[in-house]
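A.B. asks: Sharing a structure, written as structure tokens. Questions coming.
The values are calculated or read from the model by the stated rules, or taken from the named source; none is laboratory data. These numbers come from a predicted model, not from an experiment. Note that each Cβ is placed from the backbone with ideal geometry, even for glycine, and that neighbours are counted across all protein chains shown. Surface accessibility is based on the protein's heavy atoms, side chains included, excluding ligands, DNA and RNA. Shrake-Rupley method; radii C 1.70, N 1.55, O 1.52, S 1.80 Å.
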Amino acid sequence: MSKSGRGGGTVRIGKGSEIGERCRISIANSLDIGEKVLFSPNVYITDCDHDYHNIDVPVIAQGIVQKGQKVSIGDGSYIGINVVIVGNVKIGKHCVIGANSVVTKDIPDYCVAVGSPARVIKNICNKAVRKKESART
């Protein structure tokens with residue numbers, strides 16, 4: 001499903017993906033959610049920010065900073081409860097983002113990331129490959 005918001009941003013949600021309750025998506029440019037992605041409740045995603053440089057003008061009146069940023073989330077990923085995803089970020093395929101994490105940088109395929117800011121703590125691909133190899137022998 002694709003939806004273009006009033007700000008001109010495009011949101012694409014892949015087949016079989018599920019968005020949890022109270023999730024908030026604020027996109028000025030582009031959000032691409034792969035297939036079979038699972039969002040827990042209270043996830044917030046944005047590809048833009050408020051300008052705040054003029055101290056004589058309230059932040060709300062300074063407008064949105066759009067730098068052509070895009071957010072993408074790969075097929076089969078799981079986004080935990082209360083996760084925040086901000087900026088120009090790519091979350092790879094089959095990733096797990098732990099509860100309450102703040103994703104500000106790319107997360108490679110098949111990784112578990114946690115924290116604020118989120119950092120990779122485990123690569124689950126290596127474990128899966130070893131498991132497949134041992135099953136063959």
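A.B. asks: Using beta carbons and a limit of 6 Å, which pairs, at least six apart or on different chains, have the first residue in region 49-69 and within 19 Å of V84 (Cα to Cα) and the second one charged (D, E, K, R) and open to solvent by 80 Å² or more (accessible area, probe 1.4 Å)?
C.D. replies: V65/D49
A.B. asks: Going by the structure shown, is N42 more than 23 Å from P117 (Cβ to Cβ), open to solvent by less than 80 Å² (accessible area, probe 1.4 Å) and among the polar types (S, T, N, Q)?
C.D. replies: The answer is no for N42.
A.B. asks: While we're looking at this one, here's another question. For region 104-120, enumerate the residues that are in contact with a helix residue (DSSP H, G or I) (Cβ under 8 Å, 6 or more places away or on another chain) and either open to solvent by 30 Å² or more (accessible area, probe 1.4 Å) or modelled with pLDDT under 95 (or both).
C.D. replies: Listed by number, the residues that qualify are D109, Y110.
A.B. asks: Any residue in region 100-123 that is on the phi > 0 side of the Ramachandran plot and among the acidic types (D, E) sitting within a Cβ distance under 8 Å of a residue that is surrounded by 15 or more Cβ atoms within 10 Å (Cβ to Cβ) and part of a strand (DSSP E or B)? List the pairs, counting only those 6 or more apart or interchain.
C.D. replies: From residues that are on the phi > 0 side of the Ramachandran plot and among the acidic types (D, E), there are no pairs.
A.B. asks: Out of (1) outside any loop (DSSP other than H, G, I, E, B); (2) within 21 Å of I25 (Cα to Cα); (3) open to solvent by less than 50 Å² (accessible area, probe 1.4 Å), what's the single condition that is false for G76?
C.D. replies: Answer for G76: the failing condition is (1).
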